[in-house]
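S.K.: Pasting a structure below so you can have a look.
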Amino acid sequence: MNKVFKSLKNAYIGLIYCFKTQRNMIIHTLAGLIVIFVGLLLKITQTGMLFLLTAITLVLAAEAFNTSIEKAIDLYTKDRSELAKISKDVAAGAVLLISFFAVIVGLIVLGPPLWHFINAILS
């Protein structure tokens, strides 16, 4: 059982590292919290909230993987390398791709209720 707790502790330490050192992790988390708040405000269905939470979690996980890849490359070489640059760029591109997915999910889930909410306020 100690191995399980040690693994959980190490995972926690890794996440704390991401939050302490990666500006984008904070930005994505704040954006996710805003989306959750808006979803609750608009009384989004459980299914809709599940889609939002899934998209938010994917973005945060992608950011953590990106950080891991960047640090592994930095461990391997401090010299300028085109392959290192490509690896880091591809990892960052994966975060961007998942972020686009999250925006699309947000628009699909939150768009119609938000539109009705705004129309109700303006009417």
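The values are calculated or read from the model by the stated rules, or taken from the named source; none is laboratory data. Please read these numbers as outputs of a predicted model, since none were measured by experiment. Cβ atoms come from the backbone with ideal geometry, glycine included; neighbour counts cover every protein chain shown.
S.K.: Return yes when Ile27 is under 18 Å from Thr67 (Cβ atoms) and either at pLDDT 95 or above or more than 15 Å from the chain's Cα centre (by Cα) (or both) and no when it is not.
M.R.: Yes: the conditions hold for Ile27.
S.K.: Just one of Lys20, Lys6 is of a type in the set (D, E, K, R) and modelled with pLDDT under 95; which is it?
M.R.: After applying the criteria, what remains is Lys6.
S.K.: Val90 fails exactly one of the following numbered conditions: (1) surrounded by 11 or more Cβ atoms within 10 Å (Cβ to Cβ); (2) touching a residue at least 40 places away in the same chain (Cβ under 8 Å). What is the number of that condition?
M.R.: Failed condition: (2).
S.K.: Same structure again: Whether any residue in the range 61-77 is more than 19 Å from Gly14 (Cβ to Cβ) and either surrounded by 14 or more Cβ atoms within 10 Å (Cβ to Cβ) or not polar (S, T, N, Q) (or both) is what I want to check.
M.R.: no
S.K.: Right, something else. Filtering the range 32-48 down to residues that are without any contact (Cβ under 8 Å) to a residue 24 or more places away in the chain and within 17 Å of the chain's Cα centre (by Cα), which residue is farthest from Ile13 (Cα to Cα)?
M.R.: The extreme case among them is Phe37.
S.K.: Next question. Step by step: first the residues of the range 93-123, then only those that are small (Gly, Ala, Ser) and either more than 23 Å from the chain's Cα centre (by Cα) or surrounded by 16 or more Cβ atoms within 10 Å (Cβ to Cβ) (or both), then the one that is modelled with the lowest pLDDT. Which residue is that?
M.R.: This residue is Ser123.
S.K.: Where the second residue is among the polar types (S, T, N, Q) and assigned to a helix (DSSP H, G or I) and the first is under 18 Å from Thr57 (Cβ atoms) and lies in the range 7-25, which pairs have Cβ atoms under 6 Å and are six or more apart or on separate chains?
M.R.: Cys18/Thr67; Gln22/Thr67
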